[in-house]
Structure formats: structure tokens, C-alpha cells
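Contents: one structure, followed by commentary.
Only the coordinates and a few stated rules stand behind these numbers; no lab work does. Given the structure is predicted, the values throughout are model-derived calculations rather than measurements. Please note: Cβ atoms are built from the backbone with ideal geometry, for glycine as well, and neighbour counts cover all protein chains shown.
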Amino acid sequence: MSEMFSRNVPDSFNILKEVTVGIAGCGGIGSNVATSLTRSGVGSLIIADMDLVEITNLNRQHYFQDDIGKTKVDALSTHLHNINPDLKIITHFGKVTRRNYLDLFKNVDILIEAFDLAEEKKWLIEGWMKNNPTLPIIGGSGLSGTGKTELLKVQRSGQLTLCGDQESDMSEGLIAPRVIMVANMMAYETIFQILKDRKS
Amino acid sequence: MITVNNRDQLEWSPNMTVQDVLNHMGHTYSLITVTVNDKLVEDEDYDSFVVPDHAFVSVFHLAHGG
């Protein structure tokens with residue numbers, strides 16, 4: 001076992017290193033989920049995003065000043081390899097659409113919905129559930145503003161898990177700890193589901 | 001009796017649809033995902049999908065931000 005993961009939960013490394021997670025969107029949710037999954041020992045990620053890093057991203061997303069102007073997928077890939085050089089990453093620079101998402105994420109064990117817009121969350125979540133009815137999808141909804149921490153929740157039904165307060169909207173503004181909390185709820189749910197399924 | 005979001009109990013009636021459940025629960029959000037017994041119900045089926053007695057209905061509200 002890699003020394004890096006010697007303090008992981010016992011028996012988790014050998015399971016997580018064989019897993020591939022897809023991440024649709026590399027903003028506040030996606031960049032932070034990817035970081036936590038990498039630190040946890042997930043072996044492979046497929047990350048997709050159409051944006052370049054802007055200075056306004058740095059208040060909550062896992063990027064740095066010298067990333068500005070780079071594609072998010074390339075900047076994130078660099079940071080993730082700085083954490084774990086053995087991580088396998090496939091990047092897609094471009095928009096995730098109804099036409100390409102099934103192909104982009106065809107080899108994943110679990111998909112993370114990390115879009116900004118609710119309309120896009122809906123088509124991705126429901127499209128995934130229709131087309132891949134046995135593969136989990138974990139989404140985020142309600143991570144904005146400065147609401148009480150105890151309003152954040154995890155709701156599950158079948159293959160779908162949704163994290164967040166399901167109320168707050170990004171028009172309320174976004175602040176790092178709340179965004180990253182929800183991202184880490186999603187990352188933990190990913191780990192939880194993988195280990196639950198593989199150990200049982 | 002049906003259970004909504006693992007919390008609310010609702011008296012079941014024959015031919016009760018997903019839309020009836022949403023109306024009973026007062027859901028007004030425009031962007032939601034609904035499951036009945038862990039299976040997706042698509043928007044266009046809300047008016048016709050009949051919820052069986054003892055069903056578990058989940059309503060997920062999708063809010064902007066990511």
C-alpha cells in the first residue's frame with residue numbers, strides 16, 4: 001500500500017484505488033470533491049468543464065492565483081497530481097451536454113453532478129437515472145448564502161443522493177466554508193457508497 | 001398511507017397521482033426530481049403516474065449553485 005494512504009480507514013485503499021469517479025463540472029463543488037476524493041485514495045477520475053479559471057473563482061474553488069487563465073480541468077489535474085502522482089485522470093475541456101455525457105462518463109462507477117444551474121442539474125440527474133439505473137449519482141443543491149449549518153442534509157432515494165439545504169440559491173452569494181462543506185458531504189457520500197457496496 | 005421524504009405521512013387514495021401528492025404537500029418548486037419507491041418519475045408522467053399504497057415518495061428540490 002502507498003505510504004500516503006497508510007493512515008486511511010483500514011481496508012479502504014485497496015477498494016478505492018480501483019474506482020473511477022466522474023465529475024461533471026469543476027467549479028465550487030467539482031474542484032473540491034475531486035480534491036477530497038484524491039486525498040481519500042480514489043484511483044481514477046474523469047473531470048469535465050468548459051471554463052477557464054477566473055479570479056472570482058478563488059473565493060471557493062480549488063485554484064490559485066497562477067491558475068488564472070488556464071482551463072479548470074488542466075489546473076485541477078495539476079493540483080490533484082501534486083497530491084497523488086499515481087492518480088489516473090481523464091480530462092474533458094468542453095461543455096457537458098445531453099449529447100455527450102453518457103459517452104464522457106461511460107466507464108465511471110459513480111457520477112458527481114457539479115453544475116451551477118438547476119436546469120442542468122435536473123437533466124443530468126434524471127438522464128443518468130434513466131440511462132444508468134444501477135449506477136449512483138450524487139448531486140449538490142443548496143450551498144449558497146449564510147444559512148445555518150444544521151440545515152444542510154443528505155437525501156437519498158435509490159441511486160440518487162442529494163446534498164445541501166435544497167433551498168439557498170447562488171443569487172444569495174457563495175462563501176467558501178459552506179460550498180466546501182457541501183462538496184465534502186458529496187465526497188464523503190461517494191466514499192461511503194463505494195465502500196458500502198464493495199464491502200457488502 | 002404513503003411516506004413523503006421519509007418524514008411526512010399522507011393518506012393514500014385510489015388513483016392518486018404524483019401530481020396529487022405534490023399538491024397535497026404544497027410543493028411549488030419548479031425544478032424538482034421525484035422518485036416513487038426509488039424509481040424516477042419524469043415530469044410528463046406526474047399527472048398520470050399512480051402512486052401505490054404504502055409507497056415511499058421522494059421529492060428533491062434543485063437549487064442553483066455549484
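Derived value for segment A:79-150: Kirkwood hydrodynamic radius 14.3 Å. Basis is the mean of 1/r over every pair of different alpha-carbon atoms.
Fewest-first ordering of B:29, A:188, A:101 by other beta carbons within 10 Å of each residue's beta carbon gives B:29, A:188, A:101. Dipole check for segment A:33-156: with +1 at the C-beta of Lys and Arg, -1 at the C-beta of Asp and Glu, and the Cα centre as origin, the magnitude is about 380 Debye. Over 29 Å between Cα atoms, which of A:72/A:121; A:17/A:106; A:72/B:39; A:17/A:148; A:70/A:196 qualify? Pairs exceeding the cut-off: A:72/B:39; A:17/A:148; A:70/A:196. Given springs between every Cα pair under 10 Å in a Gaussian network model of chain A, which of A:43, A:142, A:173 has the largest fluctuation? Looking only at A:43, A:142, A:173, the largest GNM fluctuation is found for A:173.
When the Cα positions of A:81, A:96, A:20 are compared along the charge dipole of the protein assembly as shown, A:81 comes out farthest toward the positive end, with charges on each C-beta of Lys, Arg, Asp and Glu.
Shielding value for A:47-54 is 0, the average number of Cβ atoms from other chains within 10 Å of each residue's Cβ.
Dividing the summed -39500 (n - 2.57) terms of all DSSP H runs of n ≥ 4 by the residue count of the protein assembly as shown sets its mean residue ellipticity at 222 nm at -9000 deg cm²/dmol. Dividing the convex hull volume of the alpha carbon atoms of the protein assembly as shown by its residue count gives 128 Å³ per residue.
Between segment B:31-66 and segment A:129-200, the alpha-carbon centres lie 17 Å apart.
Charge dipole (Cα centre; +1 on Lys/Arg Cβ, -1 on Asp/Glu Cβ; no other charges) of the protein assembly as shown amounts to roughly 820 debye. Counting every pair of alpha carbons in segment B:2-61, the share spaced more than 17 Å apart comes to 24 percent. Taking θ as phi - 60° and the Karplus parameters 6.51, -1.76 and 1.60, the scalar couplings of segment B:45-57 work out to 9, 4, 7, 10, 6, 8, 7, x, 4, 6, 6, 9, 10 Hz in sequence order, x denoting glycine and proline.
Among DSSP beta bridges lying fully in segment A:3-199, give the percent that are antiparallel, nearest 5. So the antiparallel bridges amount to about 20 percent of the total. All Cα-Cα distances of segment A:48-200, cut into 5 Å bins from zero to the largest, leave 2, 8, 16, 20, 22, 19, 11, 3, 0 percent in each bin in turn. Evaluated with a Cβ-only charge set (Lys, Arg +1; Asp, Glu -1), segment B:2-61 carries a dipole of roughly 220 debye about its Cα centre, given to the nearest 20.
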